1. Take A:V260, B:V110, A:V560 and order them by how many other Cβ atoms sit within 10 Å, fewest up front.
2. Can you work out the base-10 log of I(q)/I(0) for segment A:116-227 at q = 0.19, 0.20 1/Å, using the Debye formula on its C-alpha atoms alone?
3. In peptide A:333-343, what is the residue-averaged number of other protein chain Cβ atoms found within 10 Å of each Cβ?
4. Largest first, please: the extent of the C-alpha atoms of segment A:358-444 along each principal axis, to the nearest Å.
5. Roughly what angle does helix A:93-105 make with the longest principal axis of chain A, taking Cα atoms, 0 to 90 degrees, to the nearest 10?
6. Please give the charge dipole size of chain A, origin at the Cα centre, charges +1 on K and R Cβ atoms and -1 on D and E Cβ atoms. Round to the nearest 20 debye.
7. What is segment B:139-213's relative contact order, in percent, from Cα pairs under 8 angstrom and six or more apart in sequence?
8. Please give the average number of partner chain Cβ atoms lying within 10 Å of the Cβ of each residue in A:387-399, rounded to a whole number.
Amino acid sequence: MSTPIVADAHSEHAHEHHVGFIRHYVFSTDHKMIGRQFFFTSLFMMVIGGLMAMMMRHELAWPEEPMPFISWIGEPFVFADADKGLGYGAFGPEFYNSLFTMHATIMIFFVVMPMMVGAFGNFLIPLMIGARDMAFPVLNMLSYWVFFVGTLVMLAGFFVPGGHAAAGWTAYTPLSSVPEYTGVGWGQNLWCLSLIIVGASSMMGSINYITTVVNMRAPGMSWFRIPLVIWSLWITAILLLLALPVLTSALAMVFLDRVVGTSFFKSLSGGEPILWQHLFWFFGHPEVYVLVLPAMGVTSEILSTFSRKPIFGYHAMAYSMISIAFLSWVVWGHHMFLSGMNPVLGNAFMISTMVIAVPSAIKTFNWLGTIWGGNLRFSAPMINALAFVSTFTIGGLSGIFMASTPVDIYIHDTYYIVAHFHYVVAGIIFAMFAAIYYWFPKMYGRRMNESVAIAHSLLTFVFFNMTFFPMHILGVGGHMRRIYNPMQYDFLHDLQGINVFITYSAFALGLTQLLFVGNLFASLFAGKRATNNPWEANTLEWSLPSPPGHGNWPGPLPVVHRGPYEYSSPEVAEDYLPQDRDLGPGVHAAHA
Amino acid sequence: MMSWLPENVSTYGGQIDGLFYFIYYLTGAAFLLVHVALIAFIFLYRGGDSRRAVYSHGNTTLEIIWTVIPAIIFVALGIYSKPRWDNVKRFLPPSNHQVRVTAKQFNWDVQYPGPDNQFDTGDDVTLENDLNVPVNTVIHVHLRSKDVIHSFFVPQFRLKQDALPGREIVAWFEVTKPGKYEMPCAELCGFGHSGMKGWVTVHTPADYDTWSHERWPQANAAAAPGSTAQGHG
């Protein structure tokens, strides 16, 4: 079996002391360091996105009342309150619109994507398929630094006159494409530019992931021995590669409409406002799976490991992800049932949407099948993986309401939608915590405090549900999304108590995260040293030191003898059987 | 949860609510199925040193069952939903009672065609955020927008439809109960989106005749558009 040239090049000088500080920590080409860079950037952005959510919740519970600690934002967005003194102010609807626009933008493009795809994709793919690095290490480094520039451009938008983008993360034209309609100037322009830059970064990452998985698998790592999390990241990379050019083109069109004076989306001069929605959601629906597929992969990995049991229906799990990859291109119209597109199309998109629910159902049942008959260990990763199964089930089922076109007429653009996509997309946070608690020892060489981690996981699950479940009720009551002050509507007065309840729950959810941040940083510097395989798992990364050195494998590349989920196998006395353990001479002579 | 639905007052709202309830019970059952199994497995199979997990890679029969059954249910639900969607959005019941609603940042302009039932003639009347219609009559709403995308939403009618600049979209409703209903905008349309709302006043036939007589005193009340004689038959 031949080994790829790139991998060989690395193996000859697997010594970290050869590179200086800059090459090691800043402009690193090591996939593990790049993964860590994405990790900390997205954690930082999560703090910003989370604080914005807290500000929105304050506004919705106590509309137009002064809020502590925000007067520094200054006019014209926050009005000083003379009575309350220093540090108090109330903000207006322009700022509120920026808040929800940027909360979503940050959480989707700067938290979930860089964490699940950027951090864990980079860190795990070479380790789990048995490669020394990515196929294109320099491109990989570039991918992070391009992302970093995109992040700076996005953050710069907060400081320009007119404020940041305020047309929603969906940026429906012509609201987003004509500056006069929002009053936002360069904020929206920078928003477009930043997403184009970040998209370029994702393209580089995707090319790397696809190539690496196809070409650089260790000897014996056949397609159906690849861990499911790698399957999910590989399919995600393909979706990104195909979807991002559409978004990039559409963003360029909005930018040109705004800055150069073209009229792609201006109806008065022959443009078509609804074209943006078609382009955006043609990207946007695959994007939803870009966000959720890695979470599904992580969940499969962890449920199997902590049930000490093979994954139930490995092939079905892989094929259901492949079918999602195909179907996700033909469901975008379900975001547009009421947009004014031909209602006949509504019927077609309803049926395709119903069909794409099937693979998700298969995955849920197979997860249940995995824990059935297991020997469950309730460590922090397992608790979070189980929480993800629960929230994903709720999010998937609530999606059936809006897939049904007649019901969508009523609940479209209400808090029912907000509840639904937070159960799906914000629910990914459980897969994220599961992944962090699970791979932290491998990433940083130390263990996180388990008791704090379990307390954090359970409290997060409770407050998550207390925050997002009542939003279904608001939606059923007709509460529109993206409104600044619900008290402006007579029919929403009776629902205001629920808004207050949600806000208190959201504050509790936010405060709970201090446990996580504290645990993370304390463990980073003072955690117990991690052994190679603290969870007694099977996949290849656990056969390496924690953390693995440059080039990953000190000696020759591992040889893979079996699939990744041989837990409780009758072949061995222990309840796990690593992929690279050779059980005897002659059995796998072909790979030796 | 369903008791939070606002009262339905339109002819097709009952069909939408019925489907809402049906999906609610269907998904409620699926939710219980998954969560009862999840919680039961968590208790039944919690770890112990003396036990060893079952060594199983799956069960093809089971997997086929839980692929095919959801597939049939989902597609059947789509087929079951289709006529109700067609009824609201595809097939416009005939009516000669029409009104033009033009959305703009941040108001609804409601243009009444007047006794000649033609838009853009001398007897048109335009009211801001004030839509008046008779009860038990099919109303055609010609939706337009002057600037950005807005969405015409009346929660009690179970009707929502985006208004697009550069196009006219005809929506319809028939209300069965007189009263005043809030008419918010449901699509983000700028800083004044929150608070962009109007009122739909649904009149009894007698009240509606009085209202149109006040608007068009010179016209014969019986010839006024949408008087009950011309309404939904």
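Laboratory data are not the source of any read-out in this text; all were calculated from the coordinates shown. As the structure is a prediction and not an experimental result, all values here were calculated from the model. Don't worry about glycine lacking a Cβ; one is built from the backbone with ideal geometry, like all the others, and counts go over all protein chains shown.
1. So the ranking, lowest neighbour count to highest, is A:V260, B:V110, A:V560.
2. -0.89, -0.94
3. Numbers: counts 0, 0, 0, 1, 4, 12, 7, 11, 2, 2, 7.
Mean shielding count: 4.
4. The principal-axis extents, from largest down, are 48, 31, 17 Å.
5. Roughly 20 degrees between the two axes.
6. Working: 23 positive and 30 negative charges, 204 e Å.
Around 980 debye, computed over chain A.
7. 29
8. Values: counts 0, 0, 3, 5, 0, 1, 7, 4, 0, 4, 9, 3, 1.
Mean shielding by partner chains, rounded to a whole number: 3.
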